[in-house]
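Please treat every number below as a calculation from the coordinates, not as lab data. Here the structure is a predicted model, which means the values were calculated and not measured. Positions of Cβ are generated from backbone atoms using ideal geometry, with glycine treated the same way; all protein chains shown enter the neighbour counts.
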Amino acid sequence: MCVVARPSKAEALIVESRSSRETKAWGRRLGAALEGGELIGFTGDLGVGKTCFIKGLARGLDLAEAQILSPTFTMIQEHRGRLPLFHIDLYRLESVALDDLGLREYLFSDGVAAVEWFERLRDGAGLNHLAVRIAYGGANNRRIEFAGVGERYVSLVERLRLSFA
């Protein structure tokens with residue numbers, strides 16, 4: 001585990017999504033860029049589109065979008081595609097540590113760990129990860145911010161930025 005500074009705004013990529021279709025497209029674009037061993041921390045209000053984004057992410061990992069459901073009641077769902085996807089939802093927990101629920105096994109695997117309500121993971125901010133914050137942008141719009149924490153993830157944000165240009 002490596003502790004790093006918070007990302008600067010210069011390292012962030014901010015996009016606007018006008019529909020769930022566009023939100024999924026950004027997820028698919030990210031999923032296609034992943035190589036395995038990534039930790040993605042999702043934050044945002046209830047109902048803002050975190051699971052919607054992860055459905056697109058799954059498509060980018062060659063998984064059927066229909067397999068992706070909000071794991072609010074099961075907390076962890078495992079999916080097998082081009083890379084394993086571990087969809088983790090911490091909504092029902094106030095706070096959780098890396099060693100709770102066997103999280104360390106998922107977060108530091110060769111697969112992709114997509115964690116909703118990442119802010120509830122104690123010490124999560126100190127982990128190298130891709131931070132994805134989704135916020136309401138008015139009407140049906142969403143503001144999606146990608147920020148890399150750690151060199152690997154800063155590079156991933158730059159690859160996403162280039163794919164957007």
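Computed from the C-beta positions of Tyr91 and Ala64 and an R0 of 25 Å, the FRET efficiency is 0.60 to the nearest 0.05. Separation of segment 39-111 and segment 151-165, taken as the distance between their Cα centroids, equals 21 angstrom. Rounded, prolate or oblate: which fits segment 41-120 when a ≥ b ≥ c are the square roots of the eigenvalues of the alpha-carbon gyration tensor, with rounded for a/c under 1.5 and prolate only if a/b beats b/c? Taking the square roots of the gyration eigenvalues as a ≥ b ≥ c, segment 41-120 is oblate. Determine the shape class of segment 45-88: with a ≥ b ≥ c the square roots of the Cα gyration tensor eigenvalues, call it rounded for a/c under 1.5, and otherwise prolate if a/b is greater than b/c, oblate otherwise. Oblate shape, in that a/c is at least 1.5 and b/c is the bigger or equal ratio. Annotation: extensible slack from Arg159 through Val15 equals 50.4 nm (criterion: 0.36 nm per residue apart, minus Cα-Cα distance). A protection proxy built from the mean count of other Cβ atoms within 10 Å ranks the segments 101-113, 150-162, 37-49, most packed first, as 37-49, 101-113, 150-162. Computed over neighbours whose Cβ is under 11 Å from that of Trp117, the net charge equals -2, Lys and Arg +1, Asp and Glu -1. Packing, taken as the mean count of other beta carbons within 10 Å per residue, orders the peptides 131-140, 91-100 from highest to lowest as 131-140, 91-100. Fully extending the segment from Ala32 to Asp99, taken as 0.36 nm per residue of separation minus the present Cα-Cα distance, adds 21.2 nm.
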